[in-house]
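Have a look at the structure below before the remarks.
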Amino acid sequence: MPNPYFKFKQFTIWHDKCAMKVGTDGVLLGAWANTNNIKRVLDVGTGTGLISLMIAQRSPNAIIDAIEIDEIAFLQAKNNFLNSIWSDRINAICCDFKKYTSQEKYDLIVSNPPYFVDALKSPNQQRSLARHVGSLNYESLFATASKFLSETGTIDIIIPAEAENSIIDIAWKHKFFPVRKLNVYTKPSKQCRRILFSFSFQEKKCEDQDLHIKLTDNQFSNEYNLLTRDFYLKI
């Protein structure tokens, strides 16, 4: 039986009621997202609440609003927040991002969005909602984010590598420019699997880097350990 929770160094994620469990994608984004001088954060599609908690750990003064459309996942994320030492700084909100309203501007909008555009949907409705873009597509993500991002803020996301060109086109449509990019490889011999992007209203040269999760001997790479060492218990 799968473990109903995942324990990190400073917090625990219960994910037994969530369609999408704790995974490498979320950990990568939570550890990589731009937290420099941020005061307000919006986590779109928070799921278990993992990314919000990672950002809370990295940013002692940030106030985080975490949106989740699925009520079951929302309740579990809310409990994960309440059981953390940052419960006073993370607000769980159950709503559709496309209908979200706020008077606040955010310094960081972060999202690990659904990405199985053409894949066969799961018969499990909750899991299908979490994994497919029918509930939150890239177009609506950027369109809505443009209303809430501060002038100097960033929207940070993780995407499948094959979606890179279409994501950049959609971002440009809404006046976002790529300013950081991390190409993620499982091993040096493998093709790029995921890309982490940071988009901004400010047009400038994009910082482009590579990350290999493991080496050819199947050991975790030094750069992966360095990125995640504040979170994983075994690093």
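The values are calculated or read from the model by the stated rules, or taken from the named source; none is laboratory data. What you see is a predicted model, and the numbers here were worked out from it, not measured in a lab. All Cβ positions, even for glycine, are placed from backbone atoms using ideal geometry, and neighbour counts span all protein chains on display.
The figures follow:
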| item | result |
| --- | --- |
| Selection count, region 226-235, where residues are touching a strand residue (DSSP E or B) at 6+ places or on another chain (Cβ under 9 Å), in a helix (DSSP H, G or I) and not β-branched (Val, Ile, Thr) | 1 |
| Residue in region 37-47 that is part of a helix (DSSP H, G or I) and β-branched (Val, Ile, Thr) present | no |
| Residue within region 200-210 that is part of a loop (DSSP other than H, G, I, E, B), hydroxyl-bearing (Ser, Thr, Tyr) and modelled with pLDDT of 95 or more present | no |
| Residue ID - surrounded by the most Cβ atoms within 10 Å (Cβ to Cβ), chosen from residues in region 133-160 that are out of contact with any helix residue (DSSP H, G or I) (no Cβ under 9 Å at 6 or more places or on another chain) and part of a strand (DSSP E or B) | 154 |
| Some residue of region 171-183 being within 17 Å of the chain's Cα centre (by Cα), at pLDDT 95 or above, aromatic (Phe, Trp, Tyr) and within 25 Å of residue 67 (Cα to Cα) | no |
| Residue satisfying condition, being on the phi > 0 side of the Ramachandran plot and of a type outside the set (A, V, I, L, M, F, W, C), within set 214, 175, 190, 181 | 175 |
| Tally, over region 161-183, of residues that are part of a strand (DSSP E or B) and farther than 21 Å from residue 213 by Cβ | 3 |
| Verdict on residue 92 being hydrophobic (A, V, I, L, M, F, W, C) and either in a loop (DSSP other than H, G, I, E, B) or farther than 29 Å from residue 184 by Cα (or both) | yes |
| Residues satisfying the stated conditions in region 48-74, i.e. under 21 Å from residue 144 (Cα atoms), of a type outside the set (Gly, Ala, Ser) and assigned to a loop (DSSP other than H, G, I, E, B) | 69, 70 |
| Enumeration of residues in region 211-225 that are within 18 Å of residue 33 (Cβ to Cβ), outside any helix (DSSP H, G or I) and either in contact with a Pro (Cβ under 7 Å, 6 or more places away or on another chain) or not β-branched (Val, Ile, Thr) (or both) | 211 |
| Answer residue from region 138-154, given it is among the charged types (D, E, K, R) and either out of contact with any Phe, Trp or Tyr (no Cβ under 7 Å at 6 or more places or on another chain) or at positive phi (or both) and is modelled with the highest pLDDT among those | 147 |
| Qualifying position, being among the small types (Gly, Ala, Ser) and at pLDDT 95 or above, among 111, 128, 135 | 111 |
| Some residue of region 162-174 being among the aliphatic types (A, V, I, L, M) and touching a Lys or Arg at 6+ places or on another chain (Cβ under 9 Å) | no |
| Conditions (1) of a type outside the set (A, V, I, L, M); (2) touching a residue at least 24 places away in the same chain (Cβ under 8 Å); (3) in a loop (DSSP other than H, G, I, E, B); (4) farther than 19 Å from residue 155 by Cβ: number failed by residue 79 | (3) |
| Residue, surrounded by the most Cβ atoms within 10 Å (Cβ to Cβ), within region 1-41, restricted to residues that are aliphatic (A, V, I, L, M) and within 16 Å of residue 226 (Cα to Cα) | 33 |
| Scan of region 79-106 for residues that are basic (Lys, Arg) and more than 21 Å from residue 231 (Cβ to Cβ), ordered by number | 98, 99, 105 |
